[in-house]
């Protein structure tokens, strides 16, 4: 297209959602530029042309001019009506999900995006989609407000607790697009990133079948996958480095000092309690920021996680 | 003398003959408000609107320096995509503090409470605001609000962003939030009292002859601002009180975990906070109108258009809060209406800009520093306005919401608008307030630094915002690095500009040339007093027979006052009307 | 300055032209302040309306727990105090020092009666575990009738509205006591009764807000 303000926008990878937005973006920019130059150049021209010659300069009494004032009120008004209508229709388009859209569930929580597919497949911070198909993401939050934003698709919506919201898009090329969280959600807000990974339709089918039913394998393998899918590693490292929470490395069977001065041995019950009710026992030197997992994780899954944690030395 | 004896209508009564005489303000006054009472205690307990204005000005400058320093720290941290020198939690607290301080401690009180307090009664020819003790109380309430905010810092601080969105603000880190919400709650009262005071003053304390059509546009702007302050701030107070209760008692109105609704909080919050942006910007419009007429020596173009558009902005401004929530999950109907009304509020703003530019036409334009700031204002504020239209457009806002585009937009409006207008006003009235002139060449150089620094800081933010860079990010992805680094360099240039201003204003206080009563040859009533003014502003009760921008009328006719020394008002007026012979006899 | 004392009585502050201007200003200032008070309560009424629209059945259910009889008594008490405040202003205008004092005292008394009744209402509810927020812990009998999951929000709103109103009553009592002291010293007369007048305005508003609160909270069908 090659429009004047193309340099400002990221690549357009979902024309069905992005095109109306981009068209209006360019229109407002170009119209504004014309008006802006008009105002600024007039101002500068007057400043030079009517520079003060002496302190006794006489100026004419011009109090108003109805024609002029009506003109410069009505023309901008009409322009803004156009902008409103254009923006409104583009927004309706963003809200109206095509009937044949493929649904994927997305859950935001501090500070990860967890993604669930129709056949039980699960991913974390990766949204796998087929190209050329409208995709509807049904989203909710487990804790505070988040907001799901893909610049290359021009879509964004807040993600709320106790309510579902959605966005839709249709990626036309295989590849990756960046996802941001744009509603401030705490310490690692700026690390709450994800990728939309667009596959060829047949590749997507294969991928989906391979991941059917969620984690599988031995308890340790399942535990490892769960730790990754639940986003535990955002705050708890497995290599001993210190993040927002204590590292998982080598904790099994050791004593741990708590914030209230007491200490506790890291065993099955401590881990179970720390997952379900993290506020009960706070490790010394850390804040109480973890979201409780009560009601979100089964006992079997906790057992698998415990088996995995035992192996991290 | 053209109008030796003249009829002037006082606020509430029918036209009557007044005994008037010409008063020329002394070049070097012997007794001013600065010499009238002395000592720290006299300052701290003064009820003089001029001193209270200066105390506000000092506090606002202090908080601006503090919050500006935080901004420099934030920009420095953003030099690299990962950690540069501070931790994520510190960064989050700093941007919250930067926003909260700039909004509540700098922008809201800056023009009305500091410059407005000083200038408004003088432009009305009044001796003080209607409730001087309330005025002092509002200053101390402001100080208390500030103390509570600092107490919050001592109690874990707060990292919610200045918007305090629930449930983040009701779930985490309670102690700091409780202190700061109480601080903002208290601060609200300061704003309410100032607004109440100004409305009453404008209605009841106008000097003889100042009818509504002779009100300076600065007064109109402050009037519109005060109406917003009185109508909007109590809603903030109750919102913030409910938020505090949410933290103390978990009453559950806004917290989804207890059955409440976070979107309801956003509605409550923006019902105040959108009108609040007009509390910040509308007084700036007033200053621009004053300065542009003085330095073009010309009647304002479209007096009523400018005066009424301030009121229009004040009222429509109450109906557009939902445009902060297009992506939040509010209802579709609400979203549509809010978007539509948002454009309507853009129109009166545009009209003002056109009127100001038209005022320049065939004027006698002198590019002194205040005028230079007016030009900078029109340049920057127009960009802020156009990008506001962009953000009001529904589909485009979905893409731009909560990105750096929004950050750049409100900095262009708030800093490029309000703060630049404040600088224009500060330079314009500096000689009146202090009786001293500042260093003009240095002032122009500083204005240049600020203009360039500002654009280098914030123009790249439009681009990276449109590219997708979200706001309130401690880390960012590599592709944004060049934009962030340019922006950071710009912020240093900007800071340098402010340091220069600090230097020459301080210098002017001690070594500045004497200014004389009216260095700009303005027709404004506030300039018909000595510099610095008398304790009672004027040595006489002024009588006004012309509009404030009647540059085609001779200066002498703006220097009229009641012939009775230190006239106390309507009893005198009634007495004076008895014989027009006496009135004629007393004219100098 | 010769006629300064003649035209500028002691109670008129230096920056006012005359007594009338001062009176008009004080009155306007108070009206502006009352507008601001209405908006302050308006926020709470808004929260009330929103939640009532969402959960109408909760409001009918929960209102049964409020004691309509004592609510009505309190309404009568406050209306009575509005009357006595109006009579106090009248007395001041007529230079009746004694009448002013007595009417102020009756107003203070009625305001205290209101607070005492309110105290017993609160006390009773807290006893039953009907407390705001986290302290929500109703007794089994209450929980049996009031089984709505969001009952705590109704009482959150109830305590906020009546609590903030109660604070206004307390502030009003303080103002009345201050007026009474000044009245005893003979500060007020037909020339100068501005503080009585504007405090009266404030008190009428406090009364008016209760007149809205009573049916909205207690009398839900």
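Nothing in this text is a laboratory measurement; each read-out follows from the coordinates by a stated rule. Just so we're clear, the structure is a prediction, and the values are computed from it rather than from any experiment. Backbone-built Cβ (ideal geometry, glycine too); neighbour counts: all protein chains shown.
Relative contact order, percent, of chain B when contacts are C-alpha pairs under 8 Å separated by at least 6 residues?
On the way: 1031 pairs, mean separation 128.9, N = 588.
Worked out over chain B, it gives 22 percent.
Among B:472, C:98, what is the fewest-to-most ranking by other Cβ atoms within 10 Å?
Exposure proxy ranking, most exposed first: C:98, B:472.
Which FRET efficiency value, to the nearest 0.05, do you get for residue C:143 and residue A:210 by plugging their Cβ-Cβ distance into 1/(1 + (r/R0)^6) with R0 = 45 Å?
0.30
Shape call for segment B:34-511 from the C-alpha gyration tensor, a ≥ b ≥ c root eigenvalues: rounded (a/c under 1.5), prolate (a/b greater than b/c) or oblate?
The shape class here is rounded.
How do B:536-542, B:456-462 rank on mean C-beta neighbours within 10 Å, highest first?
Averaged packing, sorted descending, gives the order B:536-542, B:456-462.
Which whole number gives the average, over all residues in A:57-68, of C-beta atoms from other chains lying within 10 Å of the residue C-beta?
Neighbouring Cβ atoms belonging to other protein chains average 6 per residue here.
Hey, rough spin-label estimate for residue C:79 and residue C:93, points 7 angstrom out along Cα→Cβ, what's it come to in nanometres?
Output for this residue pair reads 2.2 nm.
222 nm [θ] for chain C, helices only, -39500 (n - 2.57) per DSSP H run of 4+, per residue, to 500?
The helix-only estimate for chain C comes to -26500 deg cm²/dmol at 222 nm.
Evaluate the distance, in nm, between pseudo-label points positioned 7 Å from the Cα of residue C:50 and of residue A:55 along their respective Cα→Cβ axes.
Between residue C:50 and residue A:55, the label points sit 6.0 nm apart.
Between residue C:204 and residue A:71, with labels modelled 7 Å along Cα→Cβ, what's the label distance in nm to one decimal, could you check?
Here the modelled spin labels are 5.3 nm apart.
Take the alpha carbon atoms of segment B:21-48, find their center, do the same for segment B:289-367, and report the distance between the two centers in whole angstrom.
Segment B:21-48 and segment B:289-367 have Cα centres spaced 37 Å from each other.
Quick one: C:14, A:26, fewest Cβ neighbours within 10 Å first, how do they rank?
C:14, A:26
Just counting partner chain Cβ atoms within 10 Å, what average do the residues of peptide B:341-351 show around their Cβ?
Partner-chain Cβ atoms within 10 Å, mean over residues of B:341-351: 4.
Quick one: of the DSSP bridges fully inside chain A, what percent are antiparallel, nearest 5?
The antiparallel fraction comes to roughly 70 percent.
Please state the shape class of segment A:219-310: rounded when a/c is under 1.5, otherwise prolate if a/b exceeds b/c and oblate if not, all from the C-alpha gyration tensor.
rounded
Quote the relative contact order of chain A in percent (integer), defining contacts as alpha-carbon pairs under 8 Å separated by 6+ residues.
It rounds to 15 percent for chain A.
Quick one: plug the Kirkwood hydrodynamic radius of chain C (C-alpha pairs) into Stokes-Einstein at 37 °C, 0.692 mPa s, and report D in µm²/s.
So the translational diffusion coefficient is about 168 µm²/s.
Any chance you could give the angle, 0 to 90 degrees and rounded to 10, that helix B:404-413 forms with the longest Cα principal axis of chain B?
Its long axis makes an angle of about 10 degrees.
Pairs of alpha-carbon atoms within less than 8 angstrom and 6+ residues apart define the contacts here; what relative contact order does segment A:102-210 have, in percent?
Rounded, it is 30 percent for segment A:102-210.
For the Cα atoms of chain A, what angle does the longest principal axis make with the long axis of helix A:201-210, in degrees from 0 to 90, nearest 10?
The angle comes out near 30 degrees.
Between the alpha-carbon centers of segment B:206-250 and segment A:1-25, tell me the distance in whole angstrom.
Taking the Cα centre of each part, segment B:206-250 and segment A:1-25 sit 41 Å apart.
Run the helix sum for chain A: -39,500 (n - 2.57) per DSSP H stretch of 4+ residues, divided by residue count, reported at 222 nm to the nearest 500 deg cm²/dmol.
-11500 deg cm²/dmol
As I understand it, the value is the acute angle between the Cα axis of helix B:369-392 and the longest principal axis of the Cα atoms of chain B; what does it come to in degrees, rounded to 10?
Tilt of helix B:369-392: around 40 degrees.
Per DSSP H run of at least 4 residues, take -39500 (n - 2.57); add these up for chain B, divide by its residues and hand me the 222 nm value, nearest 500 deg cm²/dmol.
Calculated mean residue ellipticity at 222 nm is -20500 deg cm²/dmol.
Measure out, as a whole number of angstrom, how far apart the alpha-carbon centroids of segment B:486-507 and segment A:160-220 sit.
Segment B:486-507 and segment A:160-220 have Cα centres separated by 45 Å.
So if we plug the beta-carbon distance of residue A:221 and residue A:267 into 1/(1 + (r/R0)^6) with R0 = 25 Å, what FRET efficiency do we get, rounded to 0.05? Numbers along the way, then the final one.
On the way: r = 22 Å, r/R0 = 0.89.
Calculated transfer efficiency: 0.65.
For a footprinting-style exposure proxy, rank A:305, A:62 by other Cβ within 10 Å, fewest first.
Ascending Cβ contact count within 10 Å gives the list A:62, A:305.
Considering all alpha-carbon pairs of the protein assembly as shown, what whole percent are spaced by more than 50 angstrom?
32 percent
Run through the DSSP bridge list for the protein assembly as shown and note the antiparallel percent, rounded to the nearest 5.
Bridges in the protein assembly as shown that DSSP calls antiparallel: roughly 75 percent.
If you stretched the chain out fully between residue B:212 and residue B:481, how much longer would it get, using 0.36 nm times the residue separation minus the C-alpha to C-alpha distance?
Here the answer is 91.5 nm.
Have a look at the DSSP beta bridges in segment A:102-210 and tell me what percent are antiparallel, nearest 5.
Antiparallel bridges make up about 70 percent of those DSSP assigns within segment A:102-210.
First measure r as the distance between the Cβ atoms of residue A:195 and residue C:113, then evaluate 1/(1 + (r/R0)^6) with R0 = 51 Å and state the FRET efficiency to the nearest 0.05. All intermediate terms of the calculation are to be shown ahead of the outcome.
Values: r = 68 Å, r/R0 = 1.33.
The computed FRET efficiency comes out at 0.15.
Hey, can you rank B:230-239, A:218-227 by average C-beta count inside 10 Å, highest first? Spell out each step's value before the answer.
Working: B:230-239: 25.1, A:218-227: 17.8.
The packing order, highest mean first, is B:230-239, A:218-227.
Counting only other chains, what is the mean number of Cβ atoms within 10 angstrom of the Cβ of each residue in peptide A:142-150?
5
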